[in-house]
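The values are calculated or read from the model by the stated rules, or taken from the named source; none is laboratory data. Predicted model, so just to flag it, every value in this text is computed and none were measured. Note that each Cβ is placed from the backbone with ideal geometry, even for glycine, and that neighbours are counted across all protein chains shown. Side chains included, ligands, DNA and RNA excluded: accessible areas come from the protein's heavy atoms. Shrake-Rupley method; radii C 1.70, N 1.55, O 1.52, S 1.80 Å.
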Amino acid sequence: MQDFQEFTDVAPDDIAGYPMVPIRDVVVFPQSKAAFVIGRESSVRALEEALATNRLIFLATQHDATVEDPGAGQIYDVGTIAYISNSLRKPEEPTIKVLVEGRERARAVRVVEKDGYLQAIVRRAPVIPENNRRTMTLVSRIHAQMDQYLKLAQEPNPEMLLSALRIGDPGQMVDLVAHVMKLRVEDKQGLLETYSIHERLLKMVDLIEVEIEKLNLDRTIQTRVKRQMEKSQREYYLNEKIKAIHKELGRKDEKAEFDELLVKIEEAGMSAEAKEKAVAELQKLEQMPPMSAESTVSRNYIDWLIGVPWQQKSEEIRDLLHAQDVLENDHYGLGKIKERILEYLAVRQLVEKPRGTILCFVGPPGVGKTSLGRSIAKATGRNFVRLALGGVRDEAEIRGHRRTYIGALPGQIVQMMKKAKTINPVILLDEVDKLGHDHRGDPASALLEVLDPEQNYTFHDHYLDVEYDLSQVMFIATANVLHTIPVPLQDRLEIIRLAGYTEREKLEIARRHLVPKQLAGNGLKSTQIEFAEEGVRTVVNSYTREAGVRNLERELSSICRKVARQFVTHKDHEFRFTVDEAAVKDLLGPIKFRPQSIAEYSEIGLVNGLAYTEFGGDVLQVEATLVPGAGKLTLTGKMGDVMQESAQAAVTYLRSRATELGIPKDFHKNYDLHVHVPEGAIPKDGPSAGITIATALASVLTRIAVHKHVAMTGEITLRGKVLPIGGLKEKLLAAHRAGITTIIIPRDNEKDLVEIPSDILESFQLNAVETMDEVLHLALERLPEPLMTADALDTTLWQTPAVSKQAGTILNS
């Protein structure tokens, strides 16, 4: 075309310009009529321009029907030149109804915007007659396909298809068939863009074949559905026949089953509200077809209402001596815990309807929290059920799902009540500190109603949808830590702490409980194996490191299994094995834990701190060092925010006491401080390391070593006050295991010493302090010399000290 325009100004006969209207979801074919509505302003102008001239317009389909104002690139190139037969515009409507008649195919060579509408320069498609044998064969194929299609399809106007098939010209015939059939816009556009009549017929054959396959598939599905309906009707008929046969034979029919359910509802002792709901649901169930899904839902609901205990109670044992014997036999030690439980049981005997108290046992793993709950149930004669809450994230686990959901069930609380079969069981809420929450709700918040004595007598489960009385249930919660339990939930719990066991207590627990249990579990008798005290002590100190006894029991089980194998192998009736220290090392292999050791000698910047974790107490060594710099404080060892703030408070305290401690006041400008707590992969947090960090920094700044046998715990303030901390018993037990001899604690924690076993206290020199000055006086090997003036300090203060191994300290050079 470009070459043509270079030599002449006369356009070829097959190229012309027409107003263009983009149309949506419609493809107009030559020789076909189409009616549609025009509403876009540019399309209205194009229509008006065509009506003002020769009434010819170029119609092309949009790629995306949702585009409101398409550009040239969003419209198919191939369209149809159409003649506007009629147009109608009502005064009150902005749109125009148009009836057009397709004339011939054309391809848009160029599309330009002109006076607010699109003008298309188009090239008419060549029309080449193809009435050969191949073409006529395809026409016959289409005729045969259309006969099959019309038999399967529910066409509202089959006459239009039949009239299209009677057209003699193959090209016009396939265009009209494509226009009438319900094909996708993309398929119709593909036929419009195919100029060759033979190729067009081939495409039409494929499209009709696909439509026939779809219709066959639809018919198959309809047949299957019809058969299913016939099957349901057949089953209903047979069920009715079975009922009649059962009636003749005198067997129980459905009516008798409903009567039995009604009797169970009457005997269940439900509340008035629950009984009313159960009877109403039973009446609905009688009206439902027995095979319907709704009848299953109603039947399950009635079964749950009947199955949950409403009045059945366990006969409580009120003998305190019996309860005390049970607790003593099941658990060694834990005197305070047992005393509190016996007080609780005594009050329940004196008060007819005592206000519910929810106990919460908090302590490291393996100290006997769960087994204590089982012992309480045994001591009181109540049924015991355990509800594991670890990892529960869905509020519906507590309160249940509404019956509108498929497969809905009551919450775990109601399920535990059904399992207990009484209204006064002991329900152990295990691992309440491991509750999670997400978009499905917060189960901890749902527990607020369960554990509140002022509310739980009207507990509302979403599935039961009636009030249920939990006031006679004895709830016992267990947790490893408290900080993950929401404060409102803690407020409803009476916290009882279980600290770790001492070595003596572990030996006694092993002798009384663990060894007999493992002997029975592994088929051994006390005459065949004897555990020497030194052997058990070796297991406790060298193969376990825990606050409880769970791993101790595991190691004892391993020893019993190995001894059982030797007994079976030797088949000696006189077999007897003694588990002493050498036997333990031979059976369990190399020791797993070396005793927690302190530093070999006193060092500058190294202090023993005491920490409390969910696994019990621990001894942490805090390191500090000083390097030239610009006053930067570096904290490593995965410290938490609170611990980092304690370090910053310690630095500020030392700056305020610099002159008294012999430290230059501008040390923070010329030197960087680095504090590190080893085992850097383990997160650490809390304020109790405050005086430990301050002592380490004071040691490195004054170049005075810290006594290696001293350990400390306490929170520091900016004024140097030492504030109380928690977990004192666990920390002292850890210090005892590590061989610490001198302990520094806050004076306000003296009241907690009554909980510490006397043998542990006697092994320490305990020092209760109120200020940081007292801490430094006890911890440092010597007191620092105050500075007369800040300028009088010699810069050699921070020279590297010499190490004296003979004296066991680091001395200033």
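Once every DSSP H run of n ≥ 4 in the chain is given -39500 (n - 2.57) and the sum is divided by its residues, what mean residue ellipticity at 222 nm do you get, rounded to the nearest 500 deg cm²/dmol? Walk me through the numbers on the way to the answer.
On the way: 28 runs with 334 residues, N = 813.
So the helix-based figure for the chain works out to -12500 deg cm²/dmol.
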Taking placed amide H atoms and a strict 5 Å upper bound, the residues 5 or more places from residue 85 or on another chain that come that close are 99, 100, 101
A chain fully extended from residue 634 to residue 484 at 0.36 nm per residue, minus the present Cα-Cα distance, gains in nm 51.1 nm
Residue 550 and residue 467 label points (each 7 Å along its Cα→Cβ direction) are spaced in nm at 4.1 nm
With every protein chain kept in place and a 1.4 Å probe, the stretch 306-380 has an accessible area per residue in Å² of 50 Å²
With the 1.4 Å probe rolled over protein heavy atoms, the stretch 40-190 has an accessible area per residue in Å² of 54 Å²
Counting only protein heavy atoms with a 1.4 Å probe and every protein chain in place, the carbon and sulfur fraction of the accessible surface of the stretch 141-250 in whole percent equals 52 percent
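Using a 1.4 Å probe on the protein chains only, how many percent of the accessible area of the stretch 283-437 belongs to carbon and sulfur?
Values: 3820 of 7620 Å².
Exposed carbon and sulfur together represent 50 percent of the surface.
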Computed about the Cα centre, the charge dipole of the stretch 1-122 from +1 Lys/Arg and -1 Asp/Glu charges at the Cβ has a magnitude in debye, to the nearest 20, of 500 debye
Excluding residues fewer than 8 positions from residue 562 in its own chain, the lysines with Cα under 20 Å of it are 517, 525, 571, 585, 592
On the formula 1/(1 + (r/R0)^6), with r taken between the Cβ atoms of residue 209 and residue 65 and R0 of 30 Å, the FRET efficiency rounded to 0.05 is 0.65
A correct Karplus calculation of ³J(HN,Hα) over the stretch 527-541, with 6.51 cos²θ - 1.76 cosθ + 1.60, θ = phi - 60°, whole Hz and x for Gly and Pro, returns 7, 9, 9, 10, 9, 6, 4, 5, x, 5, 4, 5, 4, 5, 8
Between residue 63 and residues 5 or more places away or on another chain, the pairs with built amide H atoms under 5 Å apart involve 75, 76
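For the chain, give the magnitude of the charge dipole about the Cα centre (Cβ charges: +1 Lys/Arg, -1 Asp/Glu; no others), in debye to the nearest 20. Walk me through the numbers on the way to the answer.
On the way: 103 positive and 118 negative charges, 408 e Å.
Magnitude of the dipole: close to 1960 debye.
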With x for Gly and Pro, the residue-by-residue ³J(HN,Hα) of the stretch 639-650, computed from phi through the Karplus equation 6.51 cos²θ - 1.76 cosθ + 1.60 at θ = phi - 60° and given in whole Hz, is 7, x, 4, 5, 5, 5, 5, 4, 5, 5, 5, 5
Residue separation between residue 350 and residue 37 times 0.36 nm, minus their alpha-carbon distance, gives in nm 103.8 nm
Counting sequence-distant residues (5 or more places) and residues on other chains, those with an amide H built under 5 Å from that of residue 621 are 609
For the stretch 732-786, the percent of accessible surface on carbon and sulfur atoms (probe 1.4 angstrom, ligands and nucleic acids excluded) is 49 percent
Karplus-derived 3J(HN,Hα) from phi for the stretch 375-385 (6.51 cos²θ - 1.76 cosθ + 1.60, θ = phi - 60°), whole Hz, x at Gly and Pro, runs 5, 4, 4, 5, 5, 9, x, 9, 6, 10, 9
Rounded to 0.05, the calculated FRET efficiency for the beta carbons of residue 286 and residue 402 at R₀ = 25 Å is 0.60
Rounded to whole Å², per residue accessible area for the stretch 484-556 with a 1.4 Å probe reads 48 Å²
